[in-house]
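Below is one structure; the comments refer to it alone.
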Amino acid sequence: MKILEIKDLVVNYGKVAALKEISLEIEEGELVAVIGSNGAGKTTTMNTISGLLSPTSGDILLNGKSICKIPAHQVAALNISHVPEGRKVFASMSVKDNLLLGAYLRIRKGEKKQVIADIDDIYSIFPRLKERENQQSGTLSGGEQQMLALGRALVSKPKLLLLDEPSMGLAPVIIDEVFKLINTIKKRGDMTIFLVEQLAYRALEVADRAYVVEQGNISLTGTGKELMTNPEVRKAYLGAGKS
Ligand code: ATP
């Protein structure tokens, strides 16, 4: 069953056309990636799904229903959680309070006990967050902040997790850890994941399927494996000769 369908989506910033009729779909339980270089339109796609931007035309369907006209705070209530580019944790709050904030809607629904259990579960996936649960989040390293941003999204128990450029600004060894965690979340199998990422190799390694976006258009699509061996993708995004 399709959880998300993007149909002929056009997004403009004033006179700048950022997305020029993009269409893509995600089946429930899949990890689908969008790769592309700087300025290709990846973040714009993400921000339009989560209601931060309004499209000029086209549609976005969640479980068959249009969500294009729904503001961002209401999209979050539809079980979509967005980990934005650059992480954006609440710097002056502790790690634990950031996690509790992620579960705000669930706590309001009276699920506090379950939320506490889920935070413990997050700590078991990300032990470093447990060690730092009372630390001010702004003092965490970039990698730890990325893990916190992921953890905060996970405690909201989304059906659809949107990950924007999780590698951004991180050292290669930390990127290894972040992608290992994304793989762990994927293997748990209870979440659909939509990932946009400039580091094509990392994204294709973990993705079931992927789309290549170039200057606001989708130029190629296939399984992660297919795209990894596609000569055009290898030349443009994986570095010539990289195996
Ligand atoms: P990156 O990996 O560098 O973040 P991206 O693929 O996420 O790139 P977008 O941020 O979606 O790309 O940008 C797509 C296009 O829209 C670019 O040409 C960019 O310059 C333009 N753009 C993005 N945000 C704005 C804005 N607020 N105002 C005007 N143009 C914008």
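Of all residues in the stretch 63-94, count the ones that are more than 20 Å from the chain's Cα centre (by Cα) and either surrounded by 15 or more Cβ atoms within 10 Å (Cβ to Cβ) or not polar (S, T, N, Q) (or both). Summing the residues that are more than 20 Å from the chain's Cα centre (by Cα) and either surrounded by 15 or more Cβ atoms within 10 Å (Cβ to Cβ) or not polar (S, T, N, Q) (or both) in the stretch 63-94 gives 6. Filtered by the rule that a residue be surrounded by fewer than 22 Cβ atoms within 10 Å (Cβ to Cβ) and modelled with pLDDT under 95, the stretch 30-42 gives Ser37, Asn38, Gly39. Taking the listed residues Ala207, Ala203, the one that is surrounded by 17 or more Cβ atoms within 10 Å (Cβ to Cβ), within 16 Å of the ligand (Cβ to nearest atom) and within 18 Å of the chain's Cα centre (by Cα) is Ala203, with no other qualifying. Name every residue in the stretch 152-177 that is away from the ligand (no atom under 16 Å from the Cβ) and of a type outside the set (D, E, K, R), in order of residue number. Matches in the stretch 152-177: Ala153, Leu154, Val155, Ser156, Pro158, Leu160, Leu161, Ala171, Pro172, Val173, Ile174. In the stretch 190-209, the residues that are in a loop (DSSP other than H, G, I, E, B) and of a type in the set (Gly, Ala, Ser) reach residues that are surrounded by fewer than 22 Cβ atoms within 10 Å (Cβ to Cβ) and modelled with pLDDT of 95 or more with C-beta atoms within less than 7 angstrom, at least six apart or across chains, in these pairs: Ala207/Gly224. In the stretch 11-97, counting only strands (runs of 3 or more DSSP E) that sit wholly within it, the ones holding 2 or more residues that are within 16 Å of the ligand (Cβ to nearest atom), closer than 23 Å to Ala236 by Cβ and in contact (Cβ under 8 Å) with a residue 24 or more places away in the chain span 16-27, 31-35.
The values are calculated or read from the model by the stated rules, or taken from the named source; none is laboratory data. What you see is a predicted model; the values in this text were computed from it and never measured. Reconstructed Cβ throughout: ideal geometry from the backbone, glycine too, with neighbour counts over all protein chains shown.
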